[in-house]
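Engineer: Here you go, one structure.
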Amino acid sequence: MAAPTAYDEVDYPGWPYPQSHPDRLATLARLFGMAPADPARCRVLELGCGDGANLLPVAGAWPQARIVGIDLAASAIARGRAAAEALGLANLDLRCGDLGSLPDDLGEFDYVIAHGVYSWIPAPLRRALLEACRRFLAPQGVAYVSYNVYPGGHLRAMLREMLLMHIEDVAGPDRRCAAAREFLAWVADAQPDGQPDAARSALALEARRLAKRSDGSLFHDDLSGTFHLCYFRDFCAEADAHGLQFLAEADFFEMQDQDLPPAARERLAAFAPDLVAREQYLDFLKERRFRQTLLCRSEVPLRSELRGDAVWELSVSSAAEPEIPGVELPSREEQRYRGRGGAAFSTGEPLLKVALDELRREWPRALPMSELLDAAAARCGLKAGAAQRALMGDFALACYAAGCVELHLRQSPFARWPGPRPRASTLAIRQARDGRNVTSLLGSMIELDDPLAPRLLPLLDGTRDRAALLRALRGDGAAVDRCLEAFGRCALLRADPPQD
Ligand SMILES: C[S@@+](CC[C@H](N)C(=O)[O-])C[C@H]1O[C@@H](n2cnc3c(N)ncnc32)[C@H](O)[C@@H]1O
């Protein structure tokens, strides 16, 4: 029986991370010229998986995938196992263990994930983590490792040092968190009257940001004994020493320099002779504080530019909204679109405006690229030829780089619209019993803000039609329809099982 850890004393909030999802890793690997495993049949290893919250949606989506999660905290593993058992997930194996002494018979994995672990473990374990990535990664496998970086991490580390000094004589997690919150509120509110001071404003903003975290996250992430920071370049050198190379950032738009003035872009190219140096210089400018880096084996040949033709093997989804309502789609009038997270993309091309309209209606469902081309061309009264194909291919890559569309090698299955007898995600139904945050079938966190949602969700077991739902809820039809539509838009409805 392993000794209790700090994570047994104070629970860490389990969370799904779409940026570490096998579909995301596979898509980027494909675009950079690798031959990644199909997520539907892949093997996934998560190191420091906590209570398995990141793995449950992956295991649920793909029964043929084999998923292993390892964590030192026995209590977190017990919670994860209880959830996996309740959901009947035979393909999820959660084990209590130390990533510093992993068994040799663990097998080979297509995707190895370590989110929120590297920066919070001592140096020998950080090396063990990278060694495990190399040791267990299949030849075309992809590892995801997230970690704190300079220069942006300086600010967080600065506030952390102040916090630790302030609470140095305070014992016990609850009292330490309470004292830390009192200090954060003081820093946030202690702004000078009159002329704002940039440095003090930045500290106050950081204090407010930290104060929003749960006690579990504050205690483990910012009041912990280990809080490692490094430069991206040095992380890559460490990865290289373990036979791993940089593939991409999990958020591809983070690798772009489009928002720089042309002269600054030119200078960047002169300063940075290779990809790692370029990323390092971008970190300087963006004051990056956290990275979510994909690695692969050092010997894998990678393309330095995205493989444009690979987009035709992918599906695309987008929630990008037009900025000016009422612009005629078939006209050549320029329209600017805002994606999630504020990214922007402009076009006057009718085919592309229609394509974005199609995608917005289907969101979050991804359409295969050729299906999207055919649908958009048909709406424009065109036959999809080589010119349209080239236009659509360039558009998908440009929008992907701008963060306005998402690309998918294999999106997890879900039903975009409620069928006659809707069925909700069993994981979400289980989670809705304890709170408002539930995991979508795509592996992202959804907050249920409609008061009807927690009552409706458990009724969606595939046995009730709309009339039966209305009877059970004694509710108004419009409210139920609205809630069902929202469930579809949040990927909370299960797709019908395939008919053999
Ligand atoms: C900050 S939490 C992150 C949990 C989860 N990956 C997430 O991001 O929500 C760090 C996790 O690493 C685990 N951990 C720390 N040291 C470990 C070790 N030597 N071997 C395995 N797990 C470890 C902790 O128990 C904890 O669950």
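The values are calculated or read from the model by the stated rules, or taken from the named source; none is laboratory data. Computed from a predicted model, the values in this text were never measured in an experiment. FYI the Cβ positions are ideal-geometry reconstructions off the backbone, even for glycines, and counts take in every protein chain you see. When the accessible area is computed, the model is the full protein with side chains, heavy atoms only, and any ligands, DNA or RNA have been set aside. Shrake-Rupley method; radii C 1.70, N 1.55, O 1.52, S 1.80 Å.
Engineer: Tell me the helices (runs of 4 or more DSSP H) entirely within the range 229-327 that contain at least 2 residues that are of a type in the set (Val, Ile, Thr) and either modelled with pLDDT under 95 or outside the structural domain of CYS404 (by TED's automatic domain parsing) (or both).
Structural biologist: In the range 229-327, no matching helices (runs of 4 or more DSSP H) lie anywhere.
Engineer: Given the condition within 23 Å of the chain's Cα centre (by Cα) and more than 22 Å from GLY443 (Cα to Cα), answer yes or no: does some residue in the range 82-98 qualify?
Structural biologist: Among the residues of the range 82-98, not one is within 23 Å of the chain's Cα centre (by Cα) and more than 22 Å from GLY443 (Cα to Cα), which makes the answer no.
Engineer: Answer yes if at least one residue in the range 130-141 is within 16 Å of the ligand (Cβ to nearest atom) and open to solvent by 30 Å² or more (accessible area, probe 1.4 Å), and no otherwise.
Structural biologist: yes
Engineer: Follow-up. Can you find a residue that is out of contact with any Phe, Trp or Tyr (no Cβ under 8 Å at 6 or more places or on another chain), without any contact (Cβ under 8 Å) to a residue 12 or more places away in the chain and over 30 Å from LEU45 (Cα atoms) anywhere in the range 145-164?
Structural biologist: Yes, the range 145-164 contains a residue that is out of contact with any Phe, Trp or Tyr (no Cβ under 8 Å at 6 or more places or on another chain), without any contact (Cβ under 8 Å) to a residue 12 or more places away in the chain and over 30 Å from LEU45 (Cα atoms).
Engineer: May I pose another question? How many of the residues in the range 148-200 are assigned to a loop (DSSP other than H, G, I, E, B) and open to solvent by 20 Å² or more (accessible area, probe 1.4 Å)?
Structural biologist: So the count comes out to 15.
Engineer: Ok, one more. List, please: which pairs have Cβ atoms under 6 Å, are six or more places apart or on different chains, and start with a residue in the range 435-457 that is of a type outside the set (S, T, N, Q) and end with one that is open to solvent by 50 Å² or more (accessible area, probe 1.4 Å) and part of a loop (DSSP other than H, G, I, E, B)?
Structural biologist: Correct list of pairs: GLU447/ARG436; LEU448/ARG436.
Engineer: Quick one: would you say SER214 is touching a residue at least 24 places away in the same chain (Cβ under 8 Å), out of contact with any Lys or Arg (no Cβ under 8 Å at 6 or more places or on another chain) and open to solvent by 10 Å² or more (accessible area, probe 1.4 Å)?
Structural biologist: yes
Engineer: Oh, and also: Go through the range 41-60 residue by residue and tally those that are of a type in the set (Gly, Ala, Ser), out of contact with any Gly (no Cβ under 8 Å at 6 or more places or on another chain) and touching a residue at least 40 places away in the same chain (Cβ under 8 Å).
Structural biologist: Qualifying residue count for the region: 1.
Engineer: Another question about this same structure. Restricted to the range 108-129, and to residues that are part of a helix (DSSP H, G or I) and either without any contact (Cβ under 8 Å) to a residue 40 or more places away in the chain or aliphatic (A, V, I, L, M) (or both), which residue is farthest from the ligand (Cβ to nearest atom)?
Structural biologist: So the residue we want is ALA123.
Engineer: If you don't mind, another one. Considering each of SER298, SER304, SER317 in turn, give the residue that is in contact with an Asp or Glu (Cβ under 7 Å, 6 or more places away or on another chain), surrounded by fewer than 21 Cβ atoms within 10 Å (Cβ to Cβ) and farther than 17 Å from VAL405 by Cα.
Structural biologist: SER298
Engineer: Among (1) of a type in the set (D, E, K, R); (2) in contact with a Phe, Trp or Tyr (Cβ under 9 Å, 6 or more places away or on another chain); (3) within 16 Å of the ligand (Cβ to nearest atom), where does ARG176 come up short?
Structural biologist: Checking ARG176 against (1) of a type in the set (D, E, K, R); (2) in contact with a Phe, Trp or Tyr (Cβ under 9 Å, 6 or more places away or on another chain); (3) within 16 Å of the ligand (Cβ to nearest atom), the one that fails is (3).
Engineer: Oh, and also: In the range 377-387, is there at least one residue being open to solvent by less than 10 Å² (accessible area, probe 1.4 Å), in contact with a Pro (Cβ under 8 Å, 6 or more places away or on another chain) and in a loop (DSSP other than H, G, I, E, B)?
Structural biologist: no
Engineer: While we're here: Any idea which of ARG278, ARG267, ARG289 is more than 20 Å from LEU247 (Cα to Cα), basic (Lys, Arg) and open to solvent by 40 Å² or more (accessible area, probe 1.4 Å)?
Structural biologist: Of ARG278, ARG267, ARG289, the one residue that is more than 20 Å from LEU247 (Cα to Cα), basic (Lys, Arg) and open to solvent by 40 Å² or more (accessible area, probe 1.4 Å) is ARG267.
Engineer: Is there a residue being aromatic (Phe, Trp, Tyr), away from the ligand (no atom under 16 Å from the Cβ) and closer than 30 Å to LEU282 by Cβ anywhere in the range 150-169?
Structural biologist: yes
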